[in-house]
Amino acid sequence: MLTQIATLATEAIVVCEMLLGMVLLLVWIALELIGYGGVLFYIARSRGWFTLVAPAKPRRDVRWGVTVRAAGLRRNLEFGIRN
């Protein structure tokens, strides 16, 4: 009876060791893949093989005439000319 319990305990320990080994192996493989993927991403980005798209800036709604008129009004204010 005692030998059967000891055998079961030994088998349970062996199974737990194998499961732990498999889990650690999978974690190690995942970390390696993430690391190599990061290196490949950095190389591809630094060589310009692809670019990250930035959101488009809104266009300014300032027309040329409005800018010129504002500059003229500022100049007139410097010389004391009232419009």
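One table, with the values for the structure above:
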| item | result |
| --- | --- |
| Close pairs from segment 38-51: first surrounded by 10 or more Cβ atoms within 10 Å (Cβ to Cβ), partner of a type in the set (A, V, I, L, M, F, W, C), Cβ under 7 Å, at least 6 apart | A44/F50 |
| Failed item in (1) within 21 Å of the chain's Cα centre (by Cα); (2) modelled with pLDDT under 75, with R59 passing the rest | (1) |
| Residue that is β-branched (V, I, T), at pLDDT 95 or above and surrounded by 10 or more Cβ atoms within 10 Å (Cβ to Cβ), where the choices are V66, V23 | V23 |
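The values are calculated or read from the model by the stated rules, or taken from the named source; none is laboratory data. Note that the coordinates shown come from a computational prediction; the quantities given were computed from them, not determined experimentally. Virtual Cβ from ideal backbone geometry, glycine too; neighbours counted across all protein chains shown.
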